[in-house]
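This report refers to the structure that appears directly beneath it.
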Amino acid sequence: MRILLTGASRGIGRAIAERLARPGARLALCASAPSAELDETVAVARKAGAEVHGLSADLSDPASPTALVEQAFCALGGVDAVVSNAGIARPGLLAEMAEDDWNRIFSVNVRSPWLLARAAYKHLTASKGAFIAVASMSGVEPYAGVGAYSPSKAALIMLVRQLALEWAGDGVRVNAVSPGLFLSAMTAPIYADAEKKAAREALVPMHRIGDPVHDIAGLVEFLISDDATYITGQNILVDGGLLGSIQKHIAGRPKSGSL
């Protein structure tokens with residue numbers, strides 16, 4: 001399978017790259033800039049037997065997604081799947097957020113997936129392939145204090161649903177996965193604090209923080225595979241039951257019997 005993956009140098013992106021890497025796989029792994037982290041991910045994927053091409057692109061530049069897709073197409077000889085994982089966040093309150101920060105978050109989190117999808121459309125139509133976007137539970141329910149991040153991920157989920165509807169007749173599947181509380185390079189400082197980690201784990205019905213390798217990468221692998229050829233337009237929450245657990249926190253909730 002020929003796959004373009006953005007945000008591949010660390011965290012969830014690296015976990016996906018490692019999961020997809022195997023003999024016969026052809027991967028174009030993209031990061032925002034050349035880095036030792038990207039080189040390491042490429043090396044690990046190659047060691048697993050995949051043909052790997054390391055690419056870099058600033059996805060806040062509107063010209064980059066189209067150029068990136070064409071680079072991947074030329075390097076791989078086609079595109080069977082695009083996994084749009086790159087995303088950014090800047091904490092803050094909406095009432096205080098600068099317009100430049102809002103615009104940059106939306107340019108990376110929403111515009112670049114759309115431009116990647118638009119550029120890849122002809123290739124995915126030819127291969128009857130799949131487009132996957134990594135969204136967030138923060139796009140399903142608001143998360144105060146993360147500024148434009150929640151609105152951008154909500155827009156991304158709707159983008160996926162609309163693309164899926166428009167492309168279904170062409171045999172191209174479009175889905176999103178929305179991680180909950182996960183260990184990543186961005187969240188590592190939080191989970192290094194044992195007290196904060198325990199407090200977050202206590203909120204999750206499964207009582208643990210998500211692991212990118214075991215809890216996300218396999219789902220992405222499934223969604224781009226031939227085992228998922230009748231699944232499209234879905235946003236799959238991967239949150240250990242967190243968002244569905246609000247009523248368990250209501251004081252005085254009965255353990256059994258009537259409400």
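Overview of values
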quantity: Phi-based couplings in Hz for the range 211-224 (Karplus 6.51, -1.76, 1.60; Gly and Pro marked x); calculated: 10, x, 5, 8, 10, 10, 4, x, 5, 4, 4, 5, 5, 8
quantity: Neighbourhood net charge (13 Å Cβ-Cβ; Lys/Arg +1, Asp/Glu -1) for residue 201; calculated: 0
quantity: Tensor-based shape of the range 175-259 (alpha-carbon gyration tensor, a/c under 1.5 rounded, otherwise prolate or oblate); calculated: oblate
quantity: Expected 222 nm ellipticity per residue - DSSP helices of 4 or more, -39500 (n - 2.57), all of the chain, to 500; calculated: -12000 deg cm²/dmol
quantity: Relative contact order of the chain, defined on C-alpha pairs under 8 angstrom at six or more residues apart (%); calculated: 18 percent
quantity: Tensor-based shape of the range 1-119 (alpha-carbon gyration tensor, a/c under 1.5 rounded, otherwise prolate or oblate); calculated: prolate
quantity: Global geometry of the range 1-62, whether rounded, prolate or oblate, following the gyration tensor of its Cα atoms and the 1.5 cut on a/c; calculated: prolate
quantity: Cβ-based net charge around residue 112, under 12 Å, with every Lys or Arg adding one and every Asp or Glu removing one; calculated: +1
quantity: Neighbourhood net charge (15 Å Cβ-Cβ; Lys/Arg +1, Asp/Glu -1) for residue 152; calculated: 0
quantity: Relative frequency of Cα-Cα separations exceeding 35 Å in the chain, percent; calculated: 15 percent
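No value in this document is a laboratory result; all are computed from the given coordinates. All figures in this text were calculated on a predicted structure; none of them were measured in a lab. All Cβ positions, even for glycine, are placed from backbone atoms using ideal geometry, and neighbour counts span all protein chains on display.
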